[in-house]
Amino acid sequence: MAGGRETCLTLIGFILTYLKMVASLKSAPEIPTIDQAYSKISNSITVEWTTVPGATSYLLTAEDGDTVIETMVANSPGTVTGLKAATLYEITIRSISAAGRSQASPPKQAKTVLAAPILEVSSPSSDSILVQWEAVYMAIGFSVSIMQANGLGSIWKENTTNTSLTFTSLEAGTLYTVKAYAWNANGIPGDDSTCNQRTSPQAPANIQVSFDSGALKASFSWAPAEGAFNYTVMALSDSSELTCSTTLRSCTISSLQCGTEYLISVLASNDAGSSKSSSAVTLKTVACAPGRVMIQEDPPGHLSVTWSNVDLGDYYVAFVKSDDGLEVHCNTSLTQCNFLSECGFTYFISVFAYNKAGQSPLGDIFNYTTAPCCPSDINPVLVSSDRVEIVWSPVRGAELYETKAVDGYNVVECNDTTPACTLSALECDTKYNITVYSFSEVRGSNMSCTPQFITTAPCSPEIKNVSRDAFSMINVHWRSTNDVATYTVTAQGEKGLYQCSSVGESCTMGGLPCGSVFSVTAVAETQAGRSLPSYSVPLETAPCCPTGLTVTQITQSVINVSWTIGTVAQTHVAVLESHTGQSKCHTHQNHCLLGCITCGINYTVTLKAISTTGLAADCSSQSYFSSACCPLGVKLYRLGPNGIRIYWQASRGSANYSTDLYGSKGIFTCTPSAGLSFCDVAEIPCGDVYTVMVSPVAETGLKLTFCPKKIYSVTCSGSTLGMVIYRGKRNEE
């Protein structure tokens, strides 16, 4: 049952396919008719036909029995490509529309034309072009034409059955266009082949040569050759061949050989080849430099120069130049010249050969050095105690200078290439015989040089002692071994420089400021120069005395001494001295207190300044009279209702006193008459407590206030005499 169903389905499918084919045949476009088929290019055939209504494109088919080539085209005419040359093809065409394609049209035969010959062209000469090709299938003849590529001039055309052809009488160096094609037995031409070929250039003419004798090179120029791309210049000699190439109208050949004759020719070339060589011209270079040059000085002062003969040399010039720039020469056709010479010169000698081309290259330069001259301007630029520096002008021919200093027993030498010498390790204050000899490696030393006498600077003194006298003068003593010299002693410090001079062994200087530190040195001087300074000796002057010395009485037994601190002083000692004894203090301040003073005594006050090294300066003293002693037994007595008498016991010596009473109702003062030890206050309120002080008065009128004070009470009760009651001493800080 299943097998029957499959057979039924297969039959239905076949019926449907057949019906579709029938419908398609009924709607396909018409079959086109080929009008003509022809070939213009060897690999294609062009077909023309009548257009079919409803056709959207056409299928062209070409068959040669071996291959079938199809091409789809849109309309007439259409071309089938990719065919073989000189081959017969059967052409058919089909029309195509959306409904399908038609049957093939009746065939039409067409044959492709011959292939183009493959050309090989060359220019064997400047006026000809050779054209060659291989045989072309089915060809019985060829047509070849030539014309200038720029279109100027005529066209030459030749027919031939050969496979080569030469065109002559062409323009040299000109680009030509060559065209060739083959034809068959029916005379139908095939494809053509085209190429360009340039003729080779002619040989350059009018060759010019310019020779540079100094650089041994030559420059060449010529008239340009038509169509030439490059030029080659050849210079041929018996031993070498030199060339240069260029695209210009000139070029240069370097490294030519001296004493050589060259044949010069020029070739022009382009992409077709080279021209023939131009007519050769001759170039003679300069002669080579003479060799075997010999120099002799015989007798001294005369130089003889000889050399060998050279090829192409017409005459010779010998140059002799001294090292100061002076040059002489001689011209000769021989091989010898003579010159004058001088001592101390180096002569540079060169010989040149000459011909019409110019001067020969520079050969070896020879030098000849005569004996060196002696230095004549020896100048001592530095003379010290142990060395001498001398200079002199350089002399001709000297390569080395030998200096000797002789003092009779010892010899000091120095050798140097410079015109200067330093003779060291000499003895001070000594006369030396100094000679400078010039030396050259070629001629040795000139031993005829004149000596010169030079004395070294004096020896340095040695300071033995530096002392000060009572007048603050500085005495310096030294020791020296010089015969005759002037000595200068210098004390130098921050506050200046002080000097003294002497021809002996001591000198004195004064006026050095106080409180200063100096370095003391001594120098000896003679006509030969100055010695080195002696070793320095330190010198310290006494510290400066202070100013503004002031003495102030503090209490009856204590005074204060003050001052302005002086320069350099570190401490001070103040001394108070009288016939009764001495009091002193040592302090680093600018004041001090001195006690145990006796009142009413004349004292001498002195001050001493001391530096950090202990150096002391005794400064000026002054007199001081101590104050009178405070009175004793001070008492008050009532005088009437309002009066008071103050009484005391005067101390030793004469003194003036002043009395002061201090109460709540006022201060009352009285001054006694001279020589009295009491004084009265006429009006004083009673009923008050008074502080009483009796004070000595200094010569300056200053009232001293350090005496003790007493307190008294003055009552108002009782008799008119009243009572004065002692209350005790007043304590005051």
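For the stretch 463-562, GluC sites (Glu not before Pro) are listed when DSSP marks them as loop and at most 12 other Cβ atoms sit within 10 Å of their Cβ; the list is Glu494. Within a straight-line Cα-Cα reach of under 24 Å, Lys584 can be paired with the following lysines, leaving aside sequence neighbours fewer than 8 residues apart in one chain: Lys608. Working note: Debye formula, equal point scatterers on the alpha-carbon atoms of the stretch 119-198, no solvent; log10 I(q)/I(0) at q = 0.15, 0.24 Å⁻¹ is -0.50, -1.11. Counting only C-alpha contacts under 8 Å and six or more residues apart, can you give the relative contact order of the stretch 33-111 as a whole percent? After rounding, I find 35 percent. For the stretch 187-281, the solvent-accessible area of protein heavy atoms averages 51 Å² per residue (probe radius 1.4 Å; ligands and nucleic acids excluded). Across the stretch 379-455, the relative contact order, built from alpha-carbon pairs under 8 Å that are at least six residues apart, equals 30 percent.
Over the stretch 632-726, the fraction of Cα-Cα pairs per 10 Å bin, rounded to whole percents and listed from the shortest bin up, is 16, 51, 26, 6, 0.
From the Cα gyration tensor of the stretch 575-654, with a ≥ b ≥ c the square roots of its eigenvalues, which class applies: rounded if a/c is under 1.5, or else prolate if a/b is larger than b/c, or else oblate? Here the stretch 575-654 falls in the prolate category.
Here the alpha carbons of the chain define both size measures, Rg and Dmax, at 72.0, 202 Å. Of the accessible area of the stretch 632-726, computed with a 1.4 Å probe over protein heavy atoms only, carbon and sulfur atoms account for 57 percent. Give me the lysines in straight-line cross-link reach of Lys40: C-alpha distance below 20 Å, same-chain residues under 8 apart excluded. Here the lysines satisfying the reach criterion relative to Lys40 are Lys84, Lys108, Lys111, Lys179. Here the translational diffusion coefficient of the stretch 462-541 follows from Stokes-Einstein with Rh set to the Kirkwood radius across Cα pairs; for 20 °C and 1.002 mPa s it amounts to 168 µm²/s. Take the alpha-carbon centre of the stretch 505-559, take the same for the stretch 674-690, and report the distance between them in whole Å. Between the Cα centres of the stretch 505-559 and the stretch 674-690 lies a distance of 62 Å. Below 22 Å, Cα to Cα, which lysines can Lys217 reach? Residues fewer than 8 away in the same chain don't count. Straight-line reach from Lys217, under 22 Å: Lys284, Lys356. Each Cα pair under 8 Å and six or more residues apart adds its sequence gap; the mean of these over the residue count of the chain is a relative contact order of 5 percent. Qualifying trypsin sites (Lys or Arg not before Pro) in the stretch 229-290, where qualification requires a DSSP coil assignment and no more than 10 other C-beta atoms within 10 Å, are lacking entirely. For the stretch 205-284, the convex hull spanned by the alpha carbon atoms encloses 83 Å³ per residue. Using the Cα coordinates of the stretch 202-359, the gyration tensor eigenvalues translate into equivalent-ellipsoid semi-axes of 45, 14, 10 Å, sorted from longest to shortest. With the cut-off at under 18 Å, measuring from each backbone N in the stretch 504-528 to a point 7 Å along the Cα-to-Cβ line of Thr612 picks out 514-519. For the chain, the dipole from Cβ point charges (+1 on Lys and Arg, -1 on Asp and Glu) about the Cα centre works out to 4640 debye, to the nearest 20.
Take the alpha-carbon centre of the stretch 421-469, take the same for the stretch 380-395, and report the distance between them in whole Å. Taking the Cα centre of each part, the stretch 421-469 and the stretch 380-395 sit 8 Å apart.
Here the stretch 162-219 has 39 percent of its accessible surface on carbon and sulfur atoms, given a 1.4 Å probe and all protein chains in place. Length gained on full extension, Thr168 to Asn475: 97.6 nm, using 0.36 nm per residue less the C-alpha separation. Once the C-beta distance of Ile69 and Ala98 is scaled by a Förster radius of 22 Å, the resulting FRET efficiency is 0.30 to the nearest 0.05. Shown here: the stretch 51-133, whose C-alpha atoms stretch 69, 25, 15 Å along the first, second and third principal axes, sorted largest to smallest. The accessible surface of the stretch 294-369, taken with every protein chain in place and a 1.4 Å probe, is 51 percent carbon and sulfur.
Can you pull the percent of Cα pairs in the stretch 294-369 with separation above 14 Å? Counting every Cα pair in the stretch 294-369, those more than 14 Å apart make up 58 percent.
Mind checking the angle between helix 2-27 and the chain's longest principal axis? C-alpha axes, 0 to 90 degrees, to the nearest 10. Here the helix axis deviates by roughly 80 degrees.
The values are calculated or read from the model by the stated rules, or taken from the named source; none is laboratory data. Treat the numbers as computed from the prediction; the structure is a model and nothing was measured. Ideal geometry is used to build each Cβ from the backbone, glycine not excepted, and the neighbour counts take in all protein chains shown. These area figures cover heavy atoms from the full protein model, side chains too; ligands, DNA and RNA do not enter into them. Shrake-Rupley method; radii C 1.70, N 1.55, O 1.52, S 1.80 Å.
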